[in-house]
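Shown next, in structure tokens, is the structure this report addresses.
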Amino acid sequence: MTDIVLKEMVKCGVHFGHRTHRWNPKMRLYLYGARQNVHIFDLKKTAQKLLEALEFLSQAVSQGKSILFVGTKPQCRPLLQKIHEESGQPVVTDKWIPGLLTNFKTIKKRIDYFKELKDAAASGELEKYTKKEQVKLRKKIQNLSAAFTGIEDMEDLPDMVFITDIVRDHIPVLEARRLKIPVIAIVDSNADPDLANYVIPANDDAVKSLEYILNLVGEAVTTKKK
């Protein structure tokens, strides 16, 4: 990793962790120190772990494996949506449905129902119902859309899960670990790195930091596909 890239990481605020009183001691390995009571990541270690994660993701895609991206923070949504559009990989950007992984067969039935309703609306088939029934069905489509848009083409459990914040989105992390699905995650200074198989120690809040990391991740999961 060159100094130019490290400088770019600094410019994007990748190196800023949380305030020192909010840290997880397990992250000590990835920290350079503290400045004005804010932990600072050792960017050489961040760069090394990021490269390892990118290589793992790239190889996975080249082998035809699927990656479920999860990021429910508002600042993650457009970034993950871009990855979804360019790679075809499933994403969850609104809310996590409990049991999406651990109870996938049941959730899949709801996804299929959502797709059927959408197709019916697009084809005009809903017109055969009364006005009241149409309103009810369109409302149902709207509600299901918030939950299933981004994963409606997911036919099976993913081969791995990428999490942008393992503190905020801890439920999918736990579900993935329960099923022994590898977890790749951006891990801030307040998180437990032991929850991820591939740790990217970095700022998981700042838009610029997320853009820097997720743009590289997007390239890694689309290059092999093209």
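General observations
- With protein chains left intact and a 1.4 Å probe, residues in the chain average 53 Å² of accessible area per residue.
- At most 16 other Cβ within 10 Å, DSSP loop - chymotrypsin sites (Phe, Trp or Tyr not before Pro), region 36-131: Tyr129
- Shown here for region 85-189: trypsin sites (Lys or Arg not before Pro) in loop regions (DSSP other than H, G, I, E, B) with at most 13 other Cβ atoms within 10 Å, namely Lys95, Lys180.
- Taking 0.36 nm per residue of sequence separation and removing the Cα-Cα distance, the Ala121/Gln36 pair yields an extension gain of 25.0 nm.
- Between helix 131-148 and the chain: long-axis angle, C-alpha atoms, 0 to 90°, nearest 10: 20 degrees
- In the chain, the DSSP-assigned H stretches of four residues or longer account for a calculated mean residue ellipticity at 222 nm of -15000 deg cm²/dmol, using -39500 (n - 2.57) per stretch and the full residue count as denominator.
- Fraction of accessible area attributable to carbon and sulfur, the chain (%, probe 1.4 Å): 50 percent
- Under 12 Å from a label point set 7 Å out along the Cα-to-Cβ vector of Glu155, no amide N atom of region 173-187 is found.
The values are calculated or read from the model by the stated rules, or taken from the named source; none is laboratory data. For clarity, every value in this text was computed on a predicted model and none was experimentally measured. Cβ: placed from backbone, ideal geometry, glycine included. Neighbour counts: every protein chain shown. Please note that ligands, DNA and RNA were not included when accessible areas were found on the heavy atoms of the full protein model with its side chains. Shrake-Rupley method; radii C 1.70, N 1.55, O 1.52, S 1.80 Å.
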